[in-house]
Amino acid sequence: MHSFRLVPEIRQYDTTKEFCADLHIGKGDLLLISESLYDKFFKAQDKGAIPVFYRKYGSGEPTDLMVEGIYRDLQGLSYQRVIAVGGGTILDVAKLFALKNISPVVDLYDRKLEIQKEKELILVPTTCGTGSEVTNISILELTAKNTKLGLADDALFADKAVLIPELLKRLPLRFFATSSIDALIHSIESFTSPKANAFTRMYSKKAMTIILECYQYIVEHGPESRADVIGDLLTASTYAGIAFGNAGCAAVHAMSYPLGAAYHVPHGEANYAMFTGVYKTYLRLQPDGVIAKLNEHLAYLLGCTPEHVYDELETLLNHLIPKKPLHEYGMTEADIDSFTHTVMTKQGRLMANNYTTLDEDTVRGIYKELF
Ligand SMILES: [Fe+2]
């Protein structure tokens, strides 16, 4: 059985002003946002929304501590809609604040609390990577468990996913690079997932095409030219979100989570560090099948032969962000075994979507090779 669905209504606006006016953003709204974005784009439009500046509650990737801190400060306040404007961090956190039960958040992820949607949820991405605006997944670092975990439930779908390219025009190069590489990996992992079907692969393929063409444009015209293609990349990252929201991500994400949690490596960069190691292993274990179709498509886009796609891809991506061995992020040899154990015991949701089965020794071997 194969299935495909797209739950949130997708809206595109040219400006935040148009967005605020059309959706009457104001009283009764909880607005999760950074202070700088609020000042620049929302303050003048705001008609009484409750702003929550989430960076006050922690930097980097979202954690259970951030959610608990916001939850405590919201006690006694009333709101009907939850609106999040930001990267994957805040979109994933906002999904929890649309639920009836939020705290203790660790119990939500352990499914000891009932997961029930209570508020309307509007998600506005400000990076071109997460895809979170169209998925039913919330990824959180659970500090007590020392890894990231994903909670997937239909109650976490947004009601509206809103794309506003204006918000990304000044995205710094590093965030641009790490977020768009994440989107590229979403499109690739969902393409080779056993849950993929003709519908998800259409979104995966189109996302890969747009992203790689944009990278080639940027390499030719210089890093500042990314502003010319940012709207296309925002669309591509939502396409990739639709693909992985249905077909799932897999080992690249699963193996990057312990690295991200332990050494605070940005999500897209941690994925990039794992990517070619995982795909070269897939190819060695099972060269025939969907991976051959993937490599043909990448070869067409990259102008090379299918045997050289991963090396060519690295050459292209290295213009945006250098690929580093894992020890350069702080990973130690002892981590190889502990990360492998974490992946094999805690990331079953993702490892079920691998192109071909990766056992414990193979996962350890990939970490060793990339170390
Ligand atoms: Fe991702």
Cβ-Cβ below 8 Å, separation at least six or inter-chain, first residue in region 163-190 and within 15 Å of Leu316 (Cα to Cα), second within 16 Å of the ligand (Cβ to nearest atom) and of a type in the set (Phe, Trp, Tyr): which pairs? Thr178/Tyr272; Ile181/Tyr272; Ile185/Tyr272; Ile185/Phe275
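Table: residues versus (1) under 19 Å from Thr235 (Cα atoms); (2) aliphatic (A, V, I, L, M).
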position: Tyr71; (1), (2): no, no
position: Gln80; (1), (2): no, no
position: Leu96; (1), (2): no, yes
position: Asp110; (1), (2): no, no
position: Glu133; (1), (2): yes, no
position: Leu149; (1), (2): no, yes
position: Lys169; (1), (2): yes, no
Six or more apart or on different chains, Cβ atoms under 7 Å: show the pairs whose first residue is in region 64-76 and under 10 Å from Ser103 (Cβ atoms) and whose second is in a helix (DSSP H, G or I) and of a type in the set (A, V, I, L, M). Asp64/Val105; Asp64/Val106; Val67/Val93; Val67/Leu96; Val67/Val105; Glu68/Val105
Test: Gly26 is within 16 Å of the ligand (Cβ to nearest atom) and in contact with a strand residue (DSSP E or B) (Cβ under 9 Å, 6 or more places away or on another chain): no
Looking only at region 1-22, how many residues end up being surrounded by fewer than 17 Cβ atoms within 10 Å (Cβ to Cβ) and more than 22 Å from the chain's Cα centre (by Cα)? 8
So which pairs qualify, if the first residue must be in region 16-40 and assigned by TED's automatic domain parsing to the domain that holds Tyr79 and assigned to a loop (DSSP other than H, G, I, E, B), the second must be among the charged types (D, E, K, R) and at pLDDT below 95, the Cβ gap must be under 8 Å, and the two must be at least 6 apart or on different chains? His24/Lys47; Ile25/Asp46; Ile25/Lys47; Lys27/Lys47; Ser34/Arg55
Is it true that Thr192 is away from the ligand (no atom under 14 Å from the Cβ) and under 30 Å from Asn295 (Cα atoms)? yes
Could you count how many residues in region 86-112 are of a type in the set (Asp, Glu) and without any contact (Cβ under 8 Å) to a residue 12 or more places away in the chain? 2
Determine whether Tyr310 is surrounded by fewer than 24 Cβ atoms within 10 Å (Cβ to Cβ), outside the structural domain of Ala152 (by TED's automatic domain parsing), in contact (Cβ under 8 Å) with a residue 60 or more places away in the chain and away from the ligand (no atom under 16 Å from the Cβ). no
Residue pairs qualifying under the 9 Å Cβ cut-off, at least six apart or on distinct chains, with the first in region 236-259 being assigned by TED's automatic domain parsing to the domain that holds His186 and the second being modelled with pLDDT under 95 and aromatic (Phe, Trp, Tyr), are Ile242/Phe4; Asn246/Phe4; Ala247/Phe4
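The values are calculated or read from the model by the stated rules, or taken from the named source; none is laboratory data. Just so we're clear, the structure is a prediction, and the values are computed from it rather than from any experiment. With ideal geometry, Cβ positions are generated from the backbone for all residues, glycine too; neighbour counts draw on all protein chains shown.
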